[in-house]
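S.K.: Sharing a structure, written as structure tokens. Questions coming.
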Amino acid sequence: MDKEDILFKRINHIGIVVKDLPEAIKAYSAGFGGKAVKIVEIPDARLRACVLKIEGVEVELIEYQDPELPLIKPLRGDKAGINHICYEVEEMEAALKKLKEKGFKIIEGFPRKGVHGKIAFLIPPHTVEERIEILEVEK
């Protein structure tokens, strides 16, 4: 595989949908020693998220207040548990173009601003159940 074929810089975080954000923060902090480093609200998506650092790993706890919103429904925001792995990319538009060419479907409403920068959610060609997030970190 050539270097130009490698699309991702690193895994940025693991996204977990929770039903009660304060309770989930307490549980992850107590159970794993995680430290909340950022709490964000995104009003138009009706979500609250907490970024926890657990050793060198970031876990994003996400509470969707209305998982039936047209933007959120395809993200499977009504299903508590591990939701996605977020891969960091250097340049969003180039990454999306390459992924579309490989059969990945971009979920409607993306790319858009997310917790860490510009994000897009995709459905891979091998299954409609999986969600992948790509992220261009804000500079």
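S.K.: Quick check on this structure: which one of L52, L71, L61 is free of Cβ contacts under 8 Å to residues at least 60 places away in the same chain, within 14 Å of the chain's Cα centre (by Cα) and not in a strand (DSSP E or B)? Don't jump to the end; show me each part of the working.
M.R.: On the way: L52 fails: not in a strand (DSSP E or B); L61 fails: not in a strand (DSSP E or B).
Result: L71 is the single residue among L52, L71, L61 that is free of Cβ contacts under 8 Å to residues at least 60 places away in the same chain, within 14 Å of the chain's Cα centre (by Cα) and not in a strand (DSSP E or B).
S.K.: When the residues of segment 4-15 are filtered to those that are touching a residue at least 40 places away in the same chain (Cβ under 8 Å) and of a type in the set (A, V, I, L, M, F, W, C), which remaining residue is surrounded by the fewest Cβ atoms within 10 Å (Cβ to Cβ)? Before you say what the answer is, go through the steps one by one.
M.R.: First pass over segment 4-15, keeping only residues touching a residue at least 40 places away in the same chain (Cβ under 8 Å): 7-15.
Those still in the list that are of a type in the set (A, V, I, L, M, F, W, C) too: 7-8, 11, 14.
Values: L7: 15, F8: 14, I11: 12, I14: 18.
Only one residue tops the list, namely I11.
S.K.: Looking at V128 and the list (1) within 13 Å of the chain's Cα centre (by Cα); (2) surrounded by fewer than 20 Cβ atoms within 10 Å (Cβ to Cβ), which single condition is not satisfied?
M.R.: In the conditions (1) within 13 Å of the chain's Cα centre (by Cα); (2) surrounded by fewer than 20 Cβ atoms within 10 Å (Cβ to Cβ), V128 misses (1) alone.
S.K.: Could you check segment 39-61 and list, in sequence order, the residues that are crowded, with 21+ Cβ neighbours inside 10 Å and of a type in the set (D, E, K, R)?
M.R.: Filtering segment 39-61 for residues crowded, with 21+ Cβ neighbours inside 10 Å gives 45, 47, 49-50, 52, 60-61.
Within segment 39-61, E60 is the sole residue that qualifies.
S.K.: Any idea which residue in segment 90-125 is surrounded by the most Cβ atoms within 10 Å (Cβ to Cβ), counting only those that are of a type in the set (V, I, T) and under 13 Å from the mean Cα position of the chain (by Cα)?
M.R.: From segment 90-125, those of a type in the set (V, I, T) are 106-107, 115, 119, 123; that's our starting set.
In the following step, the residues that additionally are under 13 Å from the mean Cα position of the chain (by Cα) were identified as 107, 115, 119, 123.
Working: I107: 17, V115: 21, I119: 19, I123: 17.
Once the filter is applied, the top-ranked residue is V115.
S.K.: For segment 81-139, list the strands (runs of 3 or more DSSP E) that sit wholly inside it and hold at least 2 residues that are more than 20 Å from K9 (Cα to Cα) and touching a residue at least 60 places away in the same chain (Cβ under 8 Å); which are they? Before the answer, list the steps.
M.R.: Values: elements: 81-89, 117-123, 132-137.
Counting at least 2 such residues, we get 81-89.
S.K.: Name the pairs: first residue in segment 16-31 and among the acidic types (D, E), second residue surrounded by 14 or more Cβ atoms within 10 Å (Cβ to Cβ), Cβ to Cβ under 8 Å, at least 6 apart or on different chains?
M.R.: As it stands, the answer is D20/E63, since those pairs meet every condition given.
S.K.: Something else now. Inspect segment 85-92 for any residue being at pLDDT 95 or above and of a type in the set (S, T, Y) and give the result as yes or no.
M.R.: Yes, that holds for at least one residue.
The values are calculated or read from the model by the stated rules, or taken from the named source; none is laboratory data. Note that the structure is predicted; figures quoted are calculated from it, not measured. Note that each Cβ is placed from the backbone with ideal geometry, even for glycine, and that neighbours are counted across all protein chains shown.
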